[in-house]
Amino acid sequence: MNWLKDRLEISTQGKGLYPFTRAVEERIRRWGIQEGMCYLYIQHTSASLVISENYDPTAKIDLEAFMERLVPENQPWYRHTLEGPDDSPSHMRAMLTLPCVTIPIDAGRLSLGTWQGIYLFEHRSEPQRRKVLLRCLQVE
């Protein structure tokens, strides 16, 4: 077995889902991995990783709207607001989703379902540069 490592940088323009499946698939192709596991981990507390539908754009819109309704900004009971009205909500949203995902690699490809894609879920209102660690375990 062999560990391969890289770090992806993803620029965001504020809240929302940002697809990056192709960047991960490109690394797997470049490394020549046929069988193994792909691990992704985001090094932030105000953004997260999700696997979601990548075919119908209205699914993305609905997920973003759902998160806005589930954890709205400007609640009078928020104490953690040092960085603005999205401070506490961004951490809560990240807590409800995941900082990591694991995806099998079979026959040189991520074993995602037909309509699945990997997204960075940005929970901050302002543009950010996010770091995602990519680790692949290659079975030889």
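Observations on the structure shown:
- Karplus-derived 3J(HN,Hα), 6.51/-1.76/1.60, for each residue of the range 123-138, Hz, glycine and proline x: 10, 9, 6, 8, x, 9, 10, 9, 10, 10, 7, 10, 10, 10, 9, 9
- The amide H of L49, built 1.01 Å from its N in the peptide plane, has L98, C100, F121 as neighbours under 5 Å, considering only residues 5 or more places off or on other chains.
- Cα-Cα separations in the range 1-100 greater than 21 Å, expressed as whole percent: 45 percent
- Residue-wise HN-Hα coupling along the range 42-50, computed from phi with Karplus coefficients 6.51, -1.76, 1.60 (Hz; x: Gly, Pro): 9, 9, 9, 9, 10, 8, 8, 10, 9
Read the figures in this text as sums done on the coordinates, not as results from a lab. Worth saying up front: this structure is predicted, and the values here are computed from it rather than measured.
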